[in-house]
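The next block holds one structure in the form of structure tokens; read it before the comments.
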Amino acid sequence: MPSKIPNKKRKIAQEISLLSATLLTTSMVHSAVEPANTDSLSDTELEVVVVTARHSKENARDVPFSVNAIDGDTLQNRLLLNVEDALRSVPGVDVYSSSGAVDANIRIRGVGSLTQVNKDDGSVVVNIDGVSMPAGNVSLGTLDIDRLEILKGPQGTLFGRNSEAGAINIITNKPTGDLEVYGRIELGEQSQRLYEAVLSGPFSESLSGRLAVRQTSEDHWIENTTDGDPMTEPEALAFRGSLLWDLSPETSALVIVEKQRQEGFLNLQLLQPFTDSPGSEHTPGVFDDNNKTVERFSSEISHQWDRSQLTSITALVNTDFSYLTGFDKTTAGAVFNFPVEYLRGDMQDERAISQDLRLSSLPDAAIFWVAGVNLHDAERGFDSQDLVTFATQNRDFGIDSQALYGEATLPLTQRLDFTAGIRYTRENKDYIGEYITFGPGGRTRVLQDRRNLDDTYTTGRLALGYSITESTNIYAVAARGYKSGGFNDFATQSADSVPYRPAIVDSIEFGFKNASDKLSFNGAVFYSAVKDDHLLGFDFTTFASAAVNADTETFGVEMEGNWFVTEGFNIAGGLSFLDTEITSAVLGVSGGPVAAGNKVPDVPRWSANLSLNYSHPLPEFMGLSAPTFNASVSFRRVDERPADAQNHFNLDAYGKLDLRLALQADSMELYLYADNLLDEQFEFYGYTNAIFAPSARIGAPAKGRRAGIGAIYRL
């Protein structure tokens, strides 16, 4: 682990000083820890934010690392319909995505794969109700969620493999002992539709259930220039059913069945610059059958003793998708100098079984501790076909891992706490590949490939926390994270499937957390050094596309806060500064050589959020009882950032403004919303191939303005 933060350039120090001075003088900073309910701000005191970042309920102020939490009401009010959108709203978190449902690459504080070389090559683990999910599943809808937590910094101790940058911890709403009914409908521009319903309540004194359903549809924001219609009409259907059985006052069992299906999504690869109304020239309907399905079956059994709690979580997760992607005629003409519709088909089916068994202290115990064992077994088939040459690759991946973990926080004095955590993991991966090509005269060539990889590794963290006052804590934490090695998803020959090395990150962080009656204010300074992170390499003599490695480092500062200015008026905001650097030169990369000193791609130097929430009671009218007017304005600012590891060009800075106006009375609420109110055009990602077409820049434009109306009913 690093012993100190290296000296940075004078310019960086000046920017950090300016950042700190600005934040400390304004205190108008955004926190992803937003008010528990922005619909009703009559309470002028901040609620205690409780998180489960360490598998047990704790006050967020007592957790010895940075945690951002977004509650369910905030997700709803800010129109954050999936996890990816929610992550984009948090400073210091960046998502590389072509807007499809399968290719998200998450970076937290500049740490993450420079190029994803495998669907399992993620630096951020997604954990929902204690069940680990593939990182690509950030396309999951935010259906009936109680809280979404973003844990920053290496989380290998308690969340395990592939959490070198952090973890996303999602907690869904559980069955209630009282009847709860909820319904929502939204209608908006571009045929946007949303229908959602939740029903929860008891079947008996010991058994209760909950059912949540959401259906969404819209016209795609990219026009097919072939026929003038939207490229597709994306649809998503999600449902979750859960049963909670209280076997005794000390023992309970929770069973969850969940299924989410997305259809008509599109992985965008458009030639830049984009027009005001971006379009793509494809065969009409070619992407209509693109689909992805995620299923989760889990059971959680919990038993509580006088001083400890036993928790067992068993789960089966199925992740299947089938989709076409590729260049339209215009893009293919610019890249290959041949204007043909160039498509590739990908298909995956994955089955993952996991078991987590842990013993932990009770919430509010004087000494926090947790110890457990985690087992994970997954089989994944990933097949690809080039629809121009008909070359086909059939690949099967297997993962079998076992881990022992534990963490404890001990009070050394009345004010000083010491935290230590460790995790030991054994992991076996295997790979079987079959590569089919077609030669002259229709001759078929089939190559087969088998590989195996064994690995053992240890991750952990050490932290000190000091309580200055009852409302203010400071902390220091050093952590080691690990991202597994593996096999290349893009292998087309045996030379491609040589196992790539794991990535190791060492991180240190110093921070403070303050929460008084009306103001919370948190900040952190951190440094991370990554060894052997991953890029997609390409050998032009053998056409091999094996993974290569590069080292990176990040130095950064974050500030965030939440302030109840007056009764009914709340300001929240946040600011992140990240100075990233690729510290090792890399040759043989598909987009050209990477120079030492380049910036990490897709990571802005500055990003910030600001939200204003206002609530005001109205006189009774039209028979409405206790009507209330609510207004919420949110602004997201992202600085320019390099598009790729070669730093060929920068993606432009942008500012995104969202608005929501609502009238609430009794159990009903009517609202107007506008997403991207100023119709700002910005890009999700971008790249260029410096070898074949250095002037052709490819990327994905985000959605333009979407406005509409909605209604909510609560009982």
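The values are calculated or read from the model by the stated rules, or taken from the named source; none is laboratory data. Not measured: the values here are computed from a predicted model. Cβ atoms come from the backbone with ideal geometry, glycine included; neighbour counts cover every protein chain shown.
A single member of GLU205, GLU186 is assigned to a loop (DSSP other than H, G, I, E, B), surrounded by fewer than 22 Cβ atoms within 10 Å (Cβ to Cβ) and either at pLDDT 95 or above or not aromatic (Phe, Trp, Tyr) (or both), and it is GLU205. Residues that are polar (S, T, N, Q), under 28 Å from ARG210 (Cβ atoms) and surrounded by 22 or more Cβ atoms within 10 Å (Cβ to Cβ) within the range 231-283 comprise SER242, GLN260, GLN262, listed in sequence order.
Scan the range 461-484 for residues that are small (Gly, Ala, Ser) and surrounded by fewer than 21 Cβ atoms within 10 Å (Cβ to Cβ) and the total you get is 5.
Check whether at least one residue in the range 273-280 is assigned to a strand (DSSP E or B) and hydrophobic (A, V, I, L, M, F, W, C), and report yes or no. For the range 273-280, residues assigned to a strand (DSSP E or B) and hydrophobic (A, V, I, L, M, F, W, C): absent. Counted as qualifying within the range 557-643 are the strands (runs of 3 or more DSSP E) with 2 or more residues that are β-branched (Val, Ile, Thr) and touching a Pro at 6+ places or on another chain (Cβ under 8 Å), namely 628-638.
Summed over the range 100-133, the residues that are hydrophobic (A, V, I, L, M, F, W, C), under 16 Å from ASN318 (Cα atoms) and at pLDDT below 90 give a count of 3.
Report yes if VAL525 is within 24 Å of THR580 (Cβ to Cβ) and touching a Lys or Arg at 6+ places or on another chain (Cβ under 8 Å), otherwise no. No, not satisfied. Among the conditions (1) among the hydroxyl-bearing types (Ser, Thr, Tyr); (2) crowded, with 18+ Cβ neighbours inside 10 Å; (3) modelled with pLDDT under 85, the only one that SER66 does not satisfy is (3). Filtered by the rule that a residue be among the acidic types (Asp, Glu), without any contact (Cβ under 8 Å) to a residue 40 or more places away in the chain and assigned to a loop (DSSP other than H, G, I, E, B), the range 219-236 gives a lone residue, ASP219. In the range 521-535, of all residues being surrounded by fewer than 24 Cβ atoms within 10 Å (Cβ to Cβ) and either in contact with a helix residue (DSSP H, G or I) (Cβ under 9 Å, 6 or more places away or on another chain) or closer than 22 Å to GLN348 by Cβ (or both), the one that is modelled with the lowest pLDDT corresponds to PHE521.
Residue-level check: of (1) surrounded by fewer than 22 Cβ atoms within 10 Å (Cβ to Cβ); (2) touching a residue at least 12 places away in the same chain (Cβ under 8 Å); (3) not basic (Lys, Arg), GLN155 misses just (1).
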